[in-house]
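The values are calculated or read from the model by the stated rules, or taken from the named source; none is laboratory data. Please read all numbers here as calculations on a predicted model, not as lab measurements. Cβ placement follows ideal geometry from the backbone for every residue including glycine, while neighbour counts extend to all protein chains displayed. Accessible surface is based on the protein model in full, side chains and every heavy atom, while ligands, DNA and RNA are left aside. Shrake-Rupley method; radii C 1.70, N 1.55, O 1.52, S 1.80 Å.
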Amino acid sequence: MNKGLEKHGQTVAMVPSYVTGVPTGKEVGTFLALDLGGTNLRVCLIKLGSDGNISIKQQKYKVSETYKTGEARQLFDFLADCIDKFLAELNETDKRSSSKEGKLNLGFTFSFPVEQTAIDKGNLISWTKGFTCAGAVGKDVVFMLQEALNRKGVPVKVSALVNDTVGTLLAHAYKHPKTLLGVILGTGTNCAYFEKISNIKKLQFNSNAEHMIINLEWGSFDNEKKVLPITMFDNKLDRESNIPRFQIFEKMVSGMYLGEITRNVLLNLIDRKLIFDGISSKDFNTHYSFETAYLSTIEEDDSDTLENVRKILEEELNIPSTTLTDRKIVKRVCQIVGIRSARLSAAGLSAIISHCNVIETGCDIGIDGSLFEFYPAFEARIKNALREHFGSNADNINLGLARDGSGVGAALAAMLSVK
Ligand code: ADP
Ligand code: MG
């Protein structure tokens, strides 16, 4: 963290967000948010009421492989299309209240590493999470989105660019004033926190503000593979990934990868004839066929016969036959992969809490993402690890689900930027 605060281009990039304001919960107005997360694209219309009330209308769209791996211009045209469609579908009352304000301000949650130079300017450093669109790295993503909107004549101004961690932090802070960290545990993983501007040595910034939100980009922690306990199964995943030797921490923690790590371990056990009589299936031999959601279902299965585990292995993945012992072993492997992910996340949180020196005073942490929301015991496992690290002081740390925080947060950032 200290290296990244001092200099540009460090492994943990410590990206300044240019968000210095904190929402007070008293803001009003109508804002659009566009959230490009990795798996889903969401367009939201967010109304901040005077009394801390938030109303949200939203629509989800799936980003197809074609858009993820094609030309950048096509991806951004697709984003503009979704906004256009969403606005067209709004009912009349929504339309009237949003058009009163002229061009709608949009907060763009863009959850990829960006070197930001202003609240509404940021160049893409690199793609992650399976995206590889040509013609985007090094370019300003706000400019690209604005151009796409202009090409279609959509009356929207992109006024803030935020990372999903920053959005999550803002959204959680709107309701919980002691919020210090925003965390994503979804397709990918990352974290943002409030830092003293005087500590951000690399930043040239004239302002009276005291704090700025920093996006760690912690997914790339230990890309050098020097400190994390990396296994042969992690190395196999990394080697076969779109960008090897990159996002090493994320590849051990986040939803996109846990299923594949588990599959790698199980393939090894199959080859050693320790499970399934040594017999795999075409489906199970396919990359990423073992979904992270399966880990959740498997860990939740407390039946004597592990019936849901059997269903996944035999019916979804077409393994010819499994014994109860096989299924117990599979469940245990899922537990180990899941526990490791939660404990590594907790290690990251501990580092930031220690850096900010707030363990005595305590803090709130807002967490968004399906992994945190749906994986059984993920929160309890983080809590256990924090207790091991901080002892009973860990009770001063409150974890909270900031569901859809990145959407609301983008709207809040748009609001703060026009305020
Ligand atoms: P994004 O990160 O794109 O904003 P999400 O927060 O919804 O989207 O995270 C999606 C990821 O969460 C998927 O990659 C998947 O691996 C994981 N996931 C989805 N459902 C579950 C589940 N039931 N248990 C564990 N992980 C899940
Ligand atoms: Mg998300």
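Heavy-atom accessible surface of the chain, averaged per residue, reaches 43 Å², computed with a 1.4 Å probe. What's log10 of I(q)/I(0) for region 322-417 at q = 0.10, 0.13 Å⁻¹, Debye sum over Cα points only, no solvent? The Debye formula, applied to the Cα set alone, gives -0.37, -0.57. Protection proxy ranking, highest mean first, for peptides 135-141, 397-403: 397-403, 135-141, where packing is the per-residue count of other beta-carbon atoms within 10 Å, averaged. What does the charge count around Leu41 come to, taking other residues whose C-beta lies under 10 Å from its C-beta (Lys +1, Arg +1, Asp -1, Glu -1)? In short, +2.
Whole-Hz Karplus values for region 57-71 come out as 10, 8, 9, 9, 10, 8, 8, 6, 4, 4, 6, 5, 10, x, 8 Hz, taken residue by residue from phi with 6.51 cos²θ - 1.76 cosθ + 1.60 and θ = phi - 60°; glycine and proline positions read x. For Gly122, the amide hydrogen comes within under 5 Å of the amide hydrogens of Thr117, Val141, Val142, Phe143, counting only partners 5 or more places away or on other chains and with H modelled in the peptide plane.
Sorted largest first, the principal axis extents computed over the alpha-carbon atoms of region 127-214 equal 41, 33, 29 Å.
Along each principal axis, taking the top coordinate minus the bottom one, the Cα set of the chain gives 67, 49, 39 Å in descending order. Less than 5 angstrom separates the built amide H of His211 from those of Ile197, all sequence-distant by 5 or more or on a different chain. Peptide packing for 197-208, 53-64, 266-277 was compared via the average number of neighbouring C-beta atoms within 10 Å per residue; ordered from the highest value, the list is 266-277, 53-64, 197-208. In order along region 308-318, the Karplus-derived 3J(HN,Hα) couplings, from 6.51 cos²θ - 1.76 cosθ + 1.60 at θ = phi - 60°, round to 5, 5, 4, 4, 4, 5, 8, 8, 7, 10, 6 Hz, and Gly and Pro are given as x.
Along the axis of the charge dipole computed for the chain (Cβ charges of +1 for Lys and Arg, -1 for Asp and Glu, origin at the Cα centre), the listed residues Val418, Leu106, Leu79 are led at the positive end by Val418.
With each label modelled as a point 7 angstrom along the Cα→C-beta vector, the Ile56-Ile197 pair spans 3.0 nm. Of the peptides 243-251, 332-340, 410-418, the ranking by mean beta-carbon count within 10 Å, highest at the top, reads 410-418, 243-251, 332-340. When the Cα positions of Gly49, Val141, Trp218 are compared along the charge dipole of the chain, Val141 comes out farthest toward the positive end, with charges on each C-beta of Lys, Arg, Asp and Glu. If the cut-off is 19 Å between C-alpha atoms, which lysines fall inside it for Lys139, apart from same-chain ones fewer than 8 positions away? By straight Cα distance, Lys139 reaches Lys68, Lys121, Lys129, Lys157.
Rounded to 0.05, the FRET efficiency of the Asp302 and Asn396 pair, given R0 = 56 Å and the Cβ-Cβ distance, is 0.95.
Taking the square roots of 5 times each eigenvalue of the Cα gyration tensor of region 62-214, largest first, gives ellipsoid semi-axes of 27, 21, 16 Å. Beyond a 25 Å Cα-Cα separation, which of these cross-linked pairs lie in this structure: Lys60/Lys152; Lys60/Lys383; Lys236/Lys282; Lys62/Lys251; Lys236/Lys273; Lys226/Lys328? Among Lys60/Lys152; Lys60/Lys383; Lys236/Lys282; Lys62/Lys251; Lys236/Lys273; Lys226/Lys328, the Cα-Cα distance tops 25 Å for Lys60/Lys383; Lys226/Lys328. Applying the criteria of a DSSP loop state and at most 16 other Cβ atoms within 10 Å to the GluC sites (Glu not before Pro) of region 149-219 yields Glu210. Listed by chain and number, the aspartates and glutamates whose C-alpha is less than 19 Å from the C-alpha of Lys175, apart from same-chain residues fewer than 8 away, are Glu27, Asp51, Asp164, Asp364, Asp368, Glu373, Asp404.
Computed 3J(HN,Hα) for region 144-154, one whole-Hz value per residue from the Karplus formula 6.51 cos²θ - 1.76 cosθ + 1.60 where θ = phi - 60°, is 5, 5, 4, 4, 5, 5, 5, 4, 8, x, 7, glycine and proline marked x. State the percentage of accessible surface on the chain attributable to carbon and sulfur atoms; use a 1.4 Å probe and exclude ligands, DNA and RNA. Reported share for carbon and sulfur atoms: 50 percent. Sorted into 5 angstrom bins from 0, the C-alpha pair distances of region 1-129 split as 2, 9, 15, 19, 17, 16, 12, 7, 2, 1, 0 percent. In terms of overall dimensions, the C-alpha atoms belonging to region 35-96 reach 43, 23, 15 Å along their principal axes, ordered largest to smallest.
Looking only at Gly409, Gly219, Gly102, which one moves most when the chain is put into a Gaussian network model with springs between Cα atoms under 10 Å? With Cα springs under 10 Å in the chain, the top fluctuation among Gly409, Gly219, Gly102 is at Gly102.
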